[in-house]
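> For reference, the structure I am asking about is given below.
The values are calculated or read from the model by the stated rules, or taken from the named source; none is laboratory data. All values reported here derive from a predicted model rather than from experimental measurement. All Cβ positions, glycine included, derive from the backbone under ideal geometry; neighbour counts span all protein chains shown.
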Amino acid sequence: MNLTVSVVIITYARPQFVRTCLEHLGRLNSEPHEIIVVDASPDDRTKQLITEHFPHVRLLRNDLGPGTMPESRQIGFGTATGDIVAFIDDDAYVDPDWLDELRKPYADPRVVGVGGRASNGIEGEETKGLGEIGRLLPDGRLTGNFGANPGRLIEVDHLLGANMSFRRSALAALGGIRGNYPGTCLCEESDISLRLKREGGTLVFQPAALVRHVAAPYTSGGKRFDRRYLYYARRNHVVLLARVYGWRDPLLRRYALSTVRAQKEYVWAMRYRFAARRPDGSRRPFMRRLTAPVVLTRALAELTGLAAGFPAAWIARRRDRAAAVS
Amino acid sequence: MRVSAYILVGDPNHLRESVSSYYDHVDRIVLSYDETRTSWTGTPLPVDECLATIRELDRDGKCVDVPGRFARLDENPLDNDTFQRQNALDAASDGADWVIQLDTDEVMLDPAQFFASLRRADATGMSAMDYPARWLYAQVAPGRYLEASTRFWRPSASFPGPLAVRAGTRLRHARQTDTLLYRVDMRPWNTDPHHPRDAPVHEMIPPERAVLHYSWVRDHETIRRKFGWSGHAAHYSLPIVYQRWASRQRHPLRTVLTNPLRRRDWYRLVSVPENADMK
């Protein structure tokens, strides 16, 4: 049976990347069942692009604005009609055999989600973190390493939002994609994966389904890995664990402890920057030493995010119950 | 998933419990021993006694003899260790996906858990599985042991090398290999002081499901002989090693309570079900 695939691209004010993304989708060896773009941009540039150059693409609107990626995903998912719904980022460009490779593992009926590899153009990424691709560790942390290439299909715990797909029926049975992951929106893709895994589904990483991820700049404010990012990373992670596994699960407690332990790195970094001499023996400028404690603001961002995650999780769980989404 | 095992035959202590713990879960067991019944350091080994025990419990005919010449006295004993293991591993790899490398003084407390972890390691594409072994130092009373721990008496795993490797693996040193490791531990964070603090832990199991390593759980005469045949004989044969062991066995409570005062060699007192009660 040849399963049909709907491709959903969510975007916010990056029409130049959407154009390239759609051009690559046009070069696929097998055509997808449909392509859906969900646009949350404050302007009409993406709408204009699609209307003029890609009339076969379905354009949907998310009026909630920036920082609502999960809501955009749900809008796309709710409209998609393919057996499989694949999500790619607007700055992720597919290889010609991406769709065929992504579809193959679904021949196994236990498989409910398939993620592909994202090549970021970083030297050595093919082998970096080979043993820790897409895992939920016992201390509650999630590993990424989706640029690594294990050379074969492997089971994972979660998938990368830039290149992931799900069996539509399995995700629909859980109530679809959940929102309430604000900010730079980390964790919403993991939420989908962990819920499916919790229900006994199998998720696999298919390295042959490749996208080239060019990591476009954020258009909704901030930079990658800035303090805002660190805050939301911790906050949303707490929300994720509490929503998927509940308050009593030890993962949540262990994650909080892991986060606190991890802050030692910043203290060491500050001590290092405070030293009068550099490792090569040269003298460190006085101003550099004076500003050494600034690095601790990163720890502050992380710990504040951790603390903020608990009330946020309480609210999110109440909303889930009200919406009957599991 | 086809699983084989290999055994280095030569130590009768806990041999029966060790092999029985996983016998039903493997397809084949390779028995590796020196043809001259000699250890890596040239001392005699009770190989025939061990073989007789194995023949008794091999009800399905899974065990295969693969003797060889491993007592190369001009070589370092640990190199002989690696050489014999590699030879056995190559023989066990034939027709298998994974090979268990458990010593005969190591007993799986919960084989179902061990093989469930191995299936996860296989599914996630790993090449070897580190599984925690609880290192028993001495028996102090029936069912009571001194076990290696952290300074403040928390369980501490030891990983002498992966206890399961993919067929065809090349060993670097004894059981150790340079390959992708699936690491199971007894806490969410690494508990082995010989590994980096941030060594990843992929799966956590309770201590009751670990492997028990009856490493130095012997009577006085046997422990002295073990110090002679071990690959670590050069260190173990120092008089202080035996003196400490004997003293700690005689004064277990003092040994445990003085943990915080020592820089290493920390222990806790544990009860372990007698062999008949093991799963």
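> Going residue by residue through the stretch B:50-62, is there one that turns out to be over 16 Å from B:ASP27 (Cβ atoms), in contact with a Ser or Thr (Cβ under 8 Å, 6 or more places away or on another chain) and surrounded by 17 or more Cβ atoms within 10 Å (Cβ to Cβ)?
Yes, some residue in the stretch B:50-62 is over 16 Å from B:ASP27 (Cβ atoms), in contact with a Ser or Thr (Cβ under 8 Å, 6 or more places away or on another chain) and surrounded by 17 or more Cβ atoms within 10 Å (Cβ to Cβ).
> B:PHE70 fails exactly one of the following numbered conditions: (1) in contact with an Asp or Glu (Cβ under 6 Å, 6 or more places away or on another chain); (2) among the hydrophobic types (A, V, I, L, M, F, W, C); (3) in contact (Cβ under 8 Å) with a residue 60 or more places away in the chain. What is the number of that condition?
With respect to (1) in contact with an Asp or Glu (Cβ under 6 Å, 6 or more places away or on another chain); (2) among the hydrophobic types (A, V, I, L, M, F, W, C); (3) in contact (Cβ under 8 Å) with a residue 60 or more places away in the chain, B:PHE70 is out only on (3).
> Something else now. Which condition number does B:ALA167 fail, the rest of (1) among the hydrophobic types (A, V, I, L, M, F, W, C); (2) touching a helix residue (DSSP H, G or I) at 6+ places or on another chain (Cβ under 7 Å); (3) within 14 Å of another protein chain (Cβ to nearest Cβ) being met?
All conditions pass for B:ALA167, except number (3).
> Within the stretch B:127-136, take every residue that is more than 12 Å from the chain's Cα centre (by Cα) and surrounded by 24 or more Cβ atoms within 10 Å (Cβ to Cβ) and give me the one that is nearest to B:HIS202 (Cα to Cα). Steps first, please.
Of all residues in the stretch B:127-136, those more than 12 Å from the chain's Cα centre (by Cα) come to B:127-129.
Applying the additional criterion that residues be surrounded by 24 or more Cβ atoms within 10 Å (Cβ to Cβ) yields B:128-129.
Details: B:ALA128: 12, B:MET129: 10 Å.
Only one residue tops the list, namely B:MET129.
> Could you grab me the full set of residues in the stretch A:270-292 that are part of a helix (DSSP H, G or I) and either at pLDDT below 90 or loosely packed, with under 13 Cβ neighbours inside 10 Å (or both)?
So in the stretch A:270-292, the residues part of a helix (DSSP H, G or I) come out as A:270-274, A:286-290, A:292.
Of everything in the stretch A:270-292, those that are part of a helix (DSSP H, G or I) and either at pLDDT below 90 or loosely packed, with under 13 Cβ neighbours inside 10 Å (or both) turn out to be A:ARG271, A:TYR272, A:ARG273, A:PHE274, A:PHE286, A:MET287, A:ARG288, A:ARG289, A:LEU290, A:ALA292.
> Only one of these conditions is not met by B:ALA123: (1) without any contact (Cβ under 8 Å) to a residue 60 or more places away in the chain; (2) touching a Phe, Trp or Tyr at 6+ places or on another chain (Cβ under 9 Å). Which number is it?
(2)
> Across the stretch B:175-184, which residue is nearest to B:ALA123 (Cα to Cα) among those that are crowded, with 20+ Cβ neighbours inside 10 Å, more than 8 Å from chain A (Cβ to nearest Cβ) and not basic (Lys, Arg)?
Only one residue fits best here, namely B:VAL184.
> Report, by residue number, each residue of the stretch A:245-263 that is on the phi > 0 side of the Ramachandran plot and surrounded by 14 or more Cβ atoms within 10 Å (Cβ to Cβ). Walk me through it before giving the result.
The initial filter retains those residues of the stretch A:245-263 that are on the phi > 0 side of the Ramachandran plot, namely A:246.
Answer for the stretch A:245-263, where residues must be on the phi > 0 side of the Ramachandran plot and surrounded by 14 or more Cβ atoms within 10 Å (Cβ to Cβ): there is none.
> Within the stretch B:193-205, does at least one residue satisfy the condition of being modelled with pLDDT of 95 or more, within 22 Å of B:VAL19 (Cα to Cα) and either more than 14 Å from every other protein chain (Cβ to nearest Cβ) or part of a loop (DSSP other than H, G, I, E, B) (or both)?
yes
> Now for a different question. Working only within the stretch B:2-22, note down all residues that are on the phi > 0 side of the Ramachandran plot and either more than 13 Å from the chain's Cα centre (by Cα) or of a type in the set (S, T, N, Q) (or both). Write out each step before concluding.
Step one: filter the stretch B:2-22 for residues on the phi > 0 side of the Ramachandran plot, giving B:10, B:14.
Matches in the stretch B:2-22: B:GLY10 only.
> Just to be sure I understand the filter: pairs with C-beta atoms under 8 Å, separated by 6 or more residues or on different chains, first member in the stretch A:270-290 and in contact (Cβ under 8 Å) with a residue 12 or more places away in the chain and more than 25 Å from A:LEU300 (Cα to Cα), second member surrounded by 10 or more Cβ atoms within 10 Å (Cβ to Cβ) and of a type in the set (Ser, Thr, Tyr). Which pairs pass?
none
> Further, regarding this structure: Do any strands (runs of 3 or more DSSP E) lying entirely in the stretch B:55-128 carry at least 1 residues that are modelled with pLDDT of 95 or more and within 14 Å of chain A (Cβ to nearest Cβ), and which ones are they?
Numbers: elements: B:63-68, B:98-101, B:106-108.
Correct list: empty, since no element meets the threshold.
> A follow-up question, please. Testing B:LEU31 on (1) surrounded by fewer than 16 Cβ atoms within 10 Å (Cβ to Cβ); (2) closer than 24 Å to B:PRO162 by Cα, one condition comes back false. Which one is that?
(1) is the only condition that B:LEU31 fails.
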